[in-house]
Amino acid sequence: MAIAMNRLGGKSNSGEGGEEASRYTPLENGDSARSATKQVASGRFGVTTEYLVNADAIQIKMAQGAKPGEGGQLPGHKVNQWIARVRYSTPGVGLISPPPHHDIYSIEDLAQLIHDLKNVNPRADISVKLVSEVGVGTVAAGVSKAHAEHVTISGDEGGTGASPLTSTQNAGSHWEIGLAETHQTLVRNALRGRIAVQVDGGVRSGRDVVIGALLGADEFGFGTTALIALGCIMMRKCHLNTCPVGVATQDEGLRKLFPGQPEHLVDFMLFLAEEAREIMAKLGFRRFDAMIGQSDRLDMRRAIEHEKARGLDFSRILRKPEPAPGVAIHHCEPQDHGLEKALDHGLIEKARPALENGEKVRIELPVRNIDRTVGAMLSGEVARRYGHKGLPDDTILIEARGAGGQSFGAFLAHGVTIRLAGETNDYVGKGLSGGKIIVAPPSESPIRPED
């Protein structure tokens, strides 16, 4: 799947289980098996600094259409040596992601994680995945204000065959409902230009793509349909490790039966794009972005005679918001993350002998509580050059003094050590990836350790 999407110039999503480092290197024939989008879910399985810097986009999965309000679950019998290694876990032990992210209990917490991830990999767009439901537009507005470049609205039809029936049947709403609310809310609040809106969870055809665009989507995600193009026959045995076509199993005998080739998915996407192009031509649109948000081109099917269908009111879904003058109705503006103020720019310059030649360096650094995510950008540079193994212990020693801000030492890589004489704020060492953090009161402090 990753190879196919990289050939097309699209993005494949790693999901929440990490990714093998070997996939970051192009194949001998020039193809790339690297997932362009890396996901950060509530369990944080496999989320390392190396994983994050090898991404074009980083997606924070707040929820998914397959099971809104629940975390992912991988039964222990499916956690083999390879899965455990990629997820930094133990073979045979079930992996359950909690329903919430334990560092996100408010929109401010989400904004902090977006800032942290952007510091680790400034080149990547930050995405937030939400589920279509009543009120999702308000949450999406908060996501835009939190400086995410991308939001995904996931419909209740999508998802994995391993989801509990209570989730697949009784939670979430159709993607059309959540997408319409999200687009209308963002336009009314002059936030639409700052954020790309993607929709998934039940998008199956070129017709769905055109409807999604008219309701306000910039991008589209395909999960089940992409798997079917590669050979999935929807046996609903994903959780049993007995998938008969080798898609969702670690059984070596069954995996040999997998029929999929990158060309299969490439062909499906090209056929789907051609169908969408034909419908665009009938509607009179020459460019895709000209079609985004033109919901006045949609209407109900008049031929439906069922008494219940006649009583349905689609006016709130098909309503076209009237933007104020100069307000964009599709994604066309960059987000300002304020990265130019980061202390790490100075740290990277002072640590250049270590980054380029592996020499030991010692850096003295005064910090204040407005200095957030100290060390993350530096760690991103270490991981980009040296991978997860990083540098030898204490190659970069930072002697900090003062009050550290939030996410002090977040995603700190192997070889980076921070000693702080003072105090620090929430999320110290979030996503620690082999670095060391020592926090102690300053020498002149009257505080006695034993007290």
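The values are calculated or read from the model by the stated rules, or taken from the named source; none is laboratory data. Just so we're clear, the structure is a prediction, and the values are computed from it rather than from any experiment. So basically every Cβ, Gly included, is an ideal-geometry build from the backbone, and we count neighbours across all protein chains shown.
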| remark: Those residues of the range 32-68 that are under 11 Å from the mean Cα position of the chain (by Cα) and of a type in the set (Phe, Trp, Tyr) come to a total of 0
| message | One residue is enough: does the range 392-406 have a residue meeting the conditions in contact with a Phe, Trp or Tyr (Cβ under 9 Å, 6 or more places away or on another chain) and not assigned by TED's automatic domain parsing to the domain that holds Ile58? | response | yes
| Just wondering, is there one or more residues in the range 411-420 that are closer than 17 Å to Ala354 by Cβ, in the same structural domain as Pro353 (by TED's automatic domain parsing) and under 23 Å from the mean Cα position of the chain (by Cα)? | yes
| query | Within the bounds of the range 372-390, is there any residue that is buried (at least 22 other Cβ atoms within 10 Å of the Cβ), modelled with pLDDT of 95 or more and more than 26 Å from Gly46 (Cβ to Cβ)? | reply | no
| said: So, in the range 1-13, exactly how many residues are assigned to a loop (DSSP other than H, G, I, E, B), touching a helix residue (DSSP H, G or I) at 6+ places or on another chain (Cβ under 8 Å) and free of Cβ contacts under 8 Å to residues at least 40 places away in the same chain? | reply: 1
| task | Please work out if Val203 is in a helix (DSSP H, G or I), surrounded by 19 or more Cβ atoms within 10 Å (Cβ to Cβ), assigned by TED's automatic domain parsing to the domain that holds Leu130 and β-branched (Val, Ile, Thr). | result | no
| message | Out of the helices (runs of 4 or more DSSP H) lying entirely within the range 32-136, which hold 2 or more residues that are at pLDDT 95 or above and surrounded by 20 or more Cβ atoms within 10 Å (Cβ to Cβ)? | response | 49-53, 107-120
| said: Among the residues that make up the range 20-27, is at least one of them assigned to a loop (DSSP other than H, G, I, E, B), closer than 14 Å to Arg87 by Cβ and touching a residue at least 40 places away in the same chain (Cβ under 8 Å)? | reply: yes
| Pairs, please: C-beta under 6 Å, at least 6 apart or cross-chain, first residue over 24 Å from His414 (Cα atoms) and in the range 51-65, second assigned to a loop (DSSP other than H, G, I, E, B) and not charged (D, E, K, R)? | Lys61/Ala41; Gly65/Gly155; Gly65/Gly158; Gly65/Gly159; Gly65/Gly172; Gly65/Gly201
| field | Output for the range 18-31, where each listed residue is surrounded by fewer than 20 Cβ atoms within 10 Å (Cβ to Cβ) and not charged (D, E, K, R) | value | Ala21, Ser22, Tyr24, Thr25, Pro26, Leu27, Asn29, Gly30
| request: Could you please find all residues in the range 299-333 being in contact (Cβ under 8 Å) with a residue 24 or more places away in the chain, surrounded by fewer than 12 Cβ atoms within 10 Å (Cβ to Cβ) and not in a helix (DSSP H, G or I)? | output: Ala324
| Of the residues that make up the range 259-267, is at least one surrounded by 17 or more Cβ atoms within 10 Å (Cβ to Cβ) and at pLDDT below 95? | yes
